[in-house]
Amino acid sequence: MTEPETNDKKITRFTSLIKLNPNNGVNYYKRGIAYSDNGQIKLALADFNKAIELDDKEALYYYVRGMLILNHGNQRKALIDLGIATILDPDSLLLLSGRADALQKLGKLDKALADCNKVLKKDSKYRLDLYVRQRVYKSMGSDELAKADADLIEALS
């Protein structure tokens, strides 16, 4: 059995691939994920910026940059990226859940709940969104609804 590739090895591998093809946004995106997982936030952000520069129509690049900024920076700026991601791919449950997360953290609870409900209408067992909606309900003071989502999450585990 082979050992899982460490983030440092991923960084080395994607750096080599970037040297071979510096115009491939996917390699910057993947190296950025490894940097982020290593806690190297500035390097991850630089790679996500480069991926977007190379392909500004790829929703996933905006999503990962938005989530990085949401968790380590300016929530309003993150919401811009997450909004762009949902415009580029409006049917993605992941992207809508990410935007709902940012909206909840900014206190825009009605909009966050609307995104959550849109996702859960498409997939009532989408765990990521259930976690977000549970936090939205808690923020709204709707403890019974938050508990119902917590119970559903537990039942799905």
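Sticking with the crude label model, points 7 Å out along Cα→Cβ, report the distance from GLU144 to LYS9 in nm, one decimal please.
Output for this residue pair reads 5.3 nm.
Treating only the Cβ of Lys, Arg, Asp and Glu as charged (+1, +1, -1, -1), what charge dipole size does the stretch 8-157 show about its Cα centre? Round to the nearest 20 debye.
Charge dipole of the stretch 8-157: 380 debye, to the nearest 20.
From the Cα gyration tensor of the stretch 14-64, with a ≥ b ≥ c the square roots of its eigenvalues, which class applies: rounded if a/c is under 1.5, or else prolate if a/b is larger than b/c, or else oblate?
oblate
Could you list, in their original order, any pairs among LYS30/LYS111; LYS125/LYS147; LYS108/LYS138; LYS9/LYS30 whose Cα atoms are separated by more than 20 Å?
Flagged as over cut-off: LYS30/LYS111.
Run the reach check for LYS77 against aspartates and glutamates, Cα to Cα strictly under 16 Å, same-chain hits fewer than 8 apart removed. What comes back?
Straight-line reach from LYS77, under 16 Å: ASP101.
Tell me whether the stretch 19-95 comes out rounded, prolate or oblate; compute the Cα gyration tensor, take square roots of the eigenvalues as a ≥ b ≥ c, and use a/c under 1.5 as the rounded threshold.
Oblate, since a/c reaches 1.5 and b/c is not below a/b.
Whole angstrom only: what separates the Cα centroid of the stretch 113-128 from the Cα centroid of the stretch 1-77?
27 Å
With θ set to phi - 60° and the Karplus curve 6.51 cos²θ - 1.76 cosθ + 1.60, what are the ³J(HN,Hα) couplings of the stretch 69-76 in order, to the nearest whole Hz, using x for Gly and Pro?
Listing the rounded values in order: 5, 4, 8, 9, x, 8, 5, 5 Hz.
Among LEU96, LEU20, LEU79, what is the fewest-to-most ranking by other Cβ atoms within 10 Å?
Ranked by crowding around the Cβ, least crowded first: LEU20, LEU79, LEU96.
Bear in mind these aren't lab numbers, they're just calculated from the coordinates by the rules spelled out. Here the structure is a predicted model, which means the values were calculated and not measured. Heads up, the Cβs are rebuilt from the backbone with ideal geometry, glycines too, and the neighbour counts pull from every protein chain shown.
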